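Here's the structure we're looking at; comments come further down.
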């Protein structure tokens, strides 16, 4: 069994968020899947630019707890303001569906905890 790496978890979270953005009618201007390089998505909708920071959070972490990322998010918000853009956080919780104490494995069921974008 292959345990998903930090980069693979990040890519999975980006796919989940990217699909939601696409379904909501956003146009992608830039996509960055490199770990710790923010933002992951620069997109536009209704002539308004948005920067989206995606974080994959493995159980027992809480994807809604943004305090851990607050300084990174505030830096991104300052950067976004130079482009008249809004900044959003997308925390994606991922957990092994069969046993929450096990990591997420490739080609096995997992549970997603994602409530959408949070404006910063």
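Just a few scattered comments:
- The Cα atoms of region 61-117 cover 45, 19, 18 Å along the three principal axes, with the biggest extent listed first.
- The chain, relative contact order [Cα under 8 Å, separation at least 6], %: 24 percent
- Values of log10 I(q)/I(0) for the chain across q = 0.10 Å⁻¹ run -0.30, by the Debye formula with one identical scatterer at each alpha carbon and no solvent.
- Compared with the direct C-alpha span, the chain from residue 115 to residue 101 gains 2.8 nm at full extension, assuming 0.36 nm per residue.
- Projected area, mean over directions - region 43-84, Cα convex hull, nm²: 3.6 nm²
Read the figures in this text as sums done on the coordinates, not as results from a lab. Fair warning: this is a prediction, and the values are worked out from it, not measured in the lab.
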